[in-house]
Amino acid sequence: MAMDGHSAACCSLPPIIAKHYPEKGKYETIGGLKTYVTGPADASKALLVIYDIFGYYPQTIQGADILAYADKSNQYRVFMPDWLEGKPADISWYPPDTEEKGKLLGHFFQTTGAPPKTAEKVPGMITAIEEFSPPIKTWGIVGFCWGGKIISMNTSSGSSPFKAAAECHPAMIDPSEAENIKIPLCMLASGDEPVADVEKFEANLTGEKHVEIFKDQIHGWMAAKADLEDGRKKSEYERGYQLLLSFFAKHL
C-alpha cells in the first residue's frame, strides 16, 4: 500500500524519551486558543497539528518537537492549538470496553469533540498563526485519531491552504471524503482501524499518497496511547515520525 519514492530516511531522529519528556517549545495564545509552538521562529514552512481526543500528552508533544527539528534540511514551525479548550476526553475511557465508557465517549463526540466544531476553527487559526508568525509561506497539516477525521473534512472541502496532509491512526474513516482530497496525503493506520475502510480510502485518493497499515500497533500509537517503554512500540512510533518527515520533505 505504500507509495515508492519517499520512505527512505530523510533524517536522524533524536533519541525517543520514554518518560518525563522535556518539551522544547512553549505555549502561546493564538487566535484565542492556548497553542503549543515549537520549531525555528524564522521557518517559512509550518505544520498545524490536530492532537487526539486526549489533548496535550507528552508523547504527542514529543512528536511535535520531532517534526519541528529532526529534519535538519526541512525544519518546520509547528503549532498545536488546544482545540478542545482544556476539556479533552479522559484517557481511561479508551478503549470503550464497557457500556459506561461507550456512553462517555459517545457524548464527547457529540458535544466537545464533534469533528465539525473543530474543523470550523481551522481556517481562522491559519489566519491568526500567520499574523503571529509572518515568515510562514507554506503549510502542511498532521492529525491523530479524531484529528485525522478533521483533516479529511478540511482538505476535501475545495479550498485548503495546505500543500500536504497526514493522518495517523485516523478515526471515523469515510472513503467518500478521499474523492475530493487533491493534495498529497499520508495515512498511517493502526491495526485497529477497519482495513476495508483504509483500502477504500486509499483507492479513492487521486493525488499522491502514502498509505500504510501498522498491523501490530494500536489506535493511538503515535500520540497519547504510545507506550514508549516497550521496544517494539517505541520503534514503530519512531518509524511513523520518520515517514511523516520523509513525506513532508517531498511535498512541502
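We did not get these values from a lab; they are worked out from the coordinates using the rules stated. What you are looking at is a predicted structure, and each value in this text was computed from that prediction instead of being measured. A quick note on method: Cβ atoms are made from the backbone with ideal geometry, for glycine too, and the neighbour counts reach across all protein chains shown.
One table, with the values for the structure above:
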| item | result |
| --- | --- |
| Amide H contacts of MET187 (H built 1.01 Å from N, under 5 Å, at least 5 apart or other chain) | GLU167, HIS210, VAL211, GLU212 |
| Paramagnetic label zone (point 7 Å from Cα along Cα-to-C-beta, ALA41; backbone N under 14 Å) in region 115-144 | 132-136 |
| Whole-Hz ³J(HN,Hα) from phi, Karplus 6.51 cos²θ - 1.76 cosθ + 1.60, for region 38-52, glycine and proline x | 9, x, x, 5, 9, 5, 8, 10, 9, 10, 9, 10, 10, 5, 7 |
| Leading residue at positive end of dipole, the chain (Cβ point charges), from LEU244, SER156, PRO40 | PRO40 |
| Qualifying aspartates and glutamates (Cα of each under 16 Å from Cα of LYS182; at least 8 residues distant if same chain) | GLU167, ASP174, GLU202, GLU208 |
| Relative intensity, log₁₀ I(q)/I(0), of the chain from a Debye sum that treats every alpha carbon as a point, q = 0.07, 0.13, 0.17 Å⁻¹ | -0.20, -0.75, -1.42 |
| Prolate/oblate/rounded call for region 48-138, Cα gyration tensor, a/c under 1.5 rounded | oblate |
| Partners for LYS26 among lysines (Cα-Cα distance below 19 Å; same-chain residues under 8 apart left out) | LYS34, LYS45 |
| Euclidean distance between Cα centres, region 229-246 to region 100-122, Å | 28 |
| Highest to lowest packing among 160-168, 232-240, scored as the average C-beta count within 10 Å | 160-168, 232-240 |
| Cβ-Cβ FRET estimate between ASP192 and THR29, R0 fixed at 51 Å, reported to 0.05 | 0.90 |
| Set of lysines near LYS234 by C-alpha distance (under 18 Å), chain-local residues within fewer than 8 positions excluded | LYS19, LYS215, LYS225 |
| Theoretical FRET efficiency, 1/(1+(r/R0)^6), r = Cβ-Cβ of ASP216 and ASP174, R0 22 Å, to 0.05 | 0.30 |
| Helix-only mean residue ellipticity at 222 nm for the chain, each DSSP H run of n ≥ 4 adding -39500 (n - 2.57), per residue, nearest 500 | -10000 deg cm²/dmol |
| Alpha-carbon centroids, region 8-57 and region 126-154: separation in whole Å | 13 |
| Per-selection metrics, region 125-180 (Cα): Rg and Dmax in Å | 12.2, 36 |
